[in-house]
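Written below as structure tokens is the structure these notes are about.
The values are calculated or read from the model by the stated rules, or taken from the named source; none is laboratory data. Computed from a predicted model, the values in this text were never measured in an experiment. Cβ coordinates were reconstructed from backbone atoms using ideal geometry, including for glycine residues, and neighbour counts include every protein chain displayed. For the accessible areas, the whole protein counts, side chains as well, though only heavy atoms, and no ligand, DNA or RNA atoms are used. Shrake-Rupley method; radii C 1.70, N 1.55, O 1.52, S 1.80 Å.
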Amino acid sequence: MQTVPHEGYGETWAKIILFGEHSVVYGHPALALPLHSLRMRARVRPVVGDSTLEGLGYHGSLKDSGGAFASVRRAIEVALDYAGAPGVSVAVETSSDFPPERGLGSSAASAGAVIRAILNAMDVSADGQRLFELTQQAERIAHGRPSGLDAVATAARGPIHFHSGRMRLVRMRLDAPIVVADSGVHGSTREAVSGVRVRYEHDHEGIGRILVGLGELARAAVRDVRVGDAHALGNKMNRAQVLLARLGVSDSRLDALTRAARQAGALGAKLTGGGLGGCVIAVAGSLADAARIRVALREAGAVRTWVHAPETTEVSV
Ligand code: PMV
């Protein structure tokens, strides 16, 4: 059985959606921020025999990896096809600084890293658009009909404004830290997205209005990020959280965490990503405020927090 000629490496990172989760699926704009210090790394090595996967909570033969790893299998398949080596065997190893199924983009990040590692091992190059398309093929297995926001944001150099499949980098002047807190509950983006779809089919007008409102907040927040207006940004986050709760994608834990962050002085807080579990984000006025908010979030039940300062993401476990 054939294998790759030599080792390959690829990496991507986590992302948070500042505004526009769910509404982006319906063509409204969104604003997302890559977290460059929370990395997803993939290594690909030549192997004799069957392909293997190590990482993402699995160790063993790729063909026995089951439904939960279907999107990684697809990522490997599309990358090998693109490299002109369909079906060759690879040993894939991943390691991640952030947990899966928490709205931080783990599925797109792992697909993107694996694809880059395979192309690197095959000495094949691909431009950003091609890498995006390959990642989206794996994301379709993970999410059904993904907007593409995760595939873009987990490989972006900076904050991105995403609209109808097109993205543009946004210059960010915001020097306010953003606290990210993991509720500890697995979120299922696929379930959350299909729940919104069902509600939209039953109540086109009501749900449609919420989606438009979320899109308007995303559009207006681009200005806040550009000029560094953390108060205005926080205010919009609070309004987005109200709309996301009305959309049915928040839950009592996420509501409690956002409340705790505000009570501890956050300028605004909301869930991020698919919801129904996963993470919340809160914008703080200063690093000292961020430290207080972090403690309050831990006391309110968050299992892990990170502080994204303009250049760094510091972790506390
Ligand atoms: O939960 P995450 O990180 O995969 O984010 C999903 C974002 C959604 O808008 C809910 C879905 C999508 O395809 O954009």
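In region 137-145, is there at least one residue being open to solvent by 10 Å² or more (accessible area, probe 1.4 Å) and outside any helix (DSSP H, G or I)? The answer is yes, given that some residue of region 137-145 is open to solvent by 10 Å² or more (accessible area, probe 1.4 Å) and outside any helix (DSSP H, G or I).
Can you name every residue in region 113-133 that is crowded, with 24+ Cβ neighbours inside 10 Å and either within 16 Å of the ligand (Cβ to nearest atom) or part of a strand (DSSP E or B) (or both)? Answer for region 113-133, where residues must be crowded, with 24+ Cβ neighbours inside 10 Å and either within 16 Å of the ligand (Cβ to nearest atom) or part of a strand (DSSP E or B) (or both): just Ala113. Determine, yes or no, whether Arg239 is of a type in the set (D, E, K, R) and at pLDDT below 95. Here the answer is no, as Arg239 does not meet what is asked. When the residues of region 252-278 are narrowed to those that are in a loop (DSSP other than H, G, I, E, B) and touching a residue at least 60 places away in the same chain (Cβ under 8 Å), which ends up farthest from the ligand (Cβ to nearest atom)? Looking at the filtered set, the residue picked out is Leu267.
If you filter region 12-34 down to residues that are buried (at least 24 other Cβ atoms within 10 Å of the Cβ) and assigned to a helix (DSSP H, G or I), you find that the one that is nearest to the chain's Cα centre (by Cα) is Val24. In the condition set (1) more than 21 Å from the chain's Cα centre (by Cα); (2) within 13 Å of the ligand (Cβ to nearest atom), Ser110 is compliant with all but (1).
Determine whether region 151-164 contains at least one residue that is in contact with a Ser or Thr (Cβ under 6 Å, 6 or more places away or on another chain), within 24 Å of Trp306 (Cβ to Cβ) and assigned to a loop (DSSP other than H, G, I, E, B). The answer is yes, given that some residue of region 151-164 is in contact with a Ser or Thr (Cβ under 6 Å, 6 or more places away or on another chain), within 24 Å of Trp306 (Cβ to Cβ) and assigned to a loop (DSSP other than H, G, I, E, B). Every condition in (1) open to solvent by 70 Å² or more (accessible area, probe 1.4 Å); (2) modelled with pLDDT of 95 or more; (3) within 16 Å of the ligand (Cβ to nearest atom) holds for Tyr9 except the one numbered (3). Applying the criterion of being over 13 Å from Gln263 (Cα atoms) and touching a residue at least 60 places away in the same chain (Cβ under 8 Å) to the residues of region 279-297, the residue that is most open to solvent (accessible area, probe 1.4 Å) is Leu287. Taken over region 217-228, the criterion of being in contact (Cβ under 8 Å) with a residue 24 or more places away in the chain and not hydrophobic (A, V, I, L, M, F, W, C) is satisfied by Arg219, Asp224, Arg226, Gly228. If the condition is being within 16 Å of the ligand (Cβ to nearest atom) and surrounded by fewer than 19 Cβ atoms within 10 Å (Cβ to Cβ), then region 70-98 contributes Ala70, Asp97. Which one is least open to solvent (accessible area, probe 1.4 Å), of the residues in region 45-63 that are part of a loop (DSSP other than H, G, I, E, B) and farther than 20 Å from Met1 by Cβ? Among those that are part of a loop (DSSP other than H, G, I, E, B) and farther than 20 Å from Met1 by Cβ, it is Leu56.
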